[in-house]
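Each remark here refers to the structure printed beneath this line.
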Amino acid sequence: MTSGVRIEPLGIYLLVEQSGDEIVRISFSAVPPDEPSDLARSIVDYLLGDAPCPDVLLRISGITDFQKKVFAVVREIPRGRTMTYGDVALLAGKPGAARAVGRAMALNPFAILVPCHRVVSRDGLGGFAWGLELKEKLLSLERIQT
C-alpha cells in the first residue's frame, strides 16, 4: 500500500510504501497519493524538526551488508549537517569506497529516514535521485529548522 502527505514548504508529496508493518520505500512525487498517511505525516514532521524520527521497521531484504553499514552511518548524520561520501565510506569500514557510497545513496529506498540528502561530495552537492534542486531545498530546510 502506498500513501503519503504533502510537504508544504517544498511543494511536493512524500510517499510511503508499506507491506504490513515494514516500510518498503519512501520517495517523493509531484503527484498526490491516493490516500493520506499518518506515518508519512510523522516522517514529514521529523523532516520539519517538529518531531523525533519515527521508530519504524525498514524492509532491508535485498540490501547488501555494505549498504546496511552505509545506511547506519548516514542515519547518524545530525539534522542541518552533511558528510562527504568519503567520510561515510571511512566510517562504514571501507576507506576509499566513496563511489560505492554514492551508489548506495542512489539506491536508498528510505528517503528522509536514511537521509541520503545529507551526503555530499567533497566538491559540492554530489548527486540526488530526485534532483539537485530538491537536495538543496531539503538541506536548506533542515538548516533553517535546526
Filter result for the condition that a residue is of a type in the set (D, E, K, R), touching a residue at least 12 places away in the same chain (Cβ under 8 Å) and either assigned to a strand (DSSP E or B) or closer than 21 Å to Leu48 by Cβ (or both), over Glu142, Glu136: Glu142
Residue that is nearest to Lys137 (Cα to Cα), among those in the stretch 50-78 that are of a type in the set (Lys, Arg) and surrounded by fewer than 16 Cβ atoms within 10 Å (Cβ to Cβ): Arg75
Residue ID - surrounded by the most Cβ atoms within 10 Å (Cβ to Cβ), chosen from residues in the stretch 1-18 that are in a strand (DSSP E or B) and in contact (Cβ under 8 Å) with a residue 40 or more places away in the chain: Leu14
Leu132, sole failed condition from (1) on the phi > 0 side of the Ramachandran plot; (2) loosely packed, with under 15 Cβ neighbours inside 10 Å; (3) among the aliphatic types (A, V, I, L, M): (1)
Top-ranked residue in the stretch 97-129 [being touching a Phe, Trp or Tyr at 6+ places or on another chain (Cβ under 7 Å) and without any contact (Cβ under 8 Å) to a residue 24 or more places away in the chain; ranked as surrounded by the most Cβ atoms within 10 Å (Cβ to Cβ)]: His117
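Values in this text are rule-based calculations from the coordinates and carry no lab data. Remember, it's a predicted structure, so these values are computed and weren't measured experimentally. For neighbour counting, all protein chains shown are included, and Cβ atoms are generated from backbone atoms with ideal geometry for every residue, glycine included.
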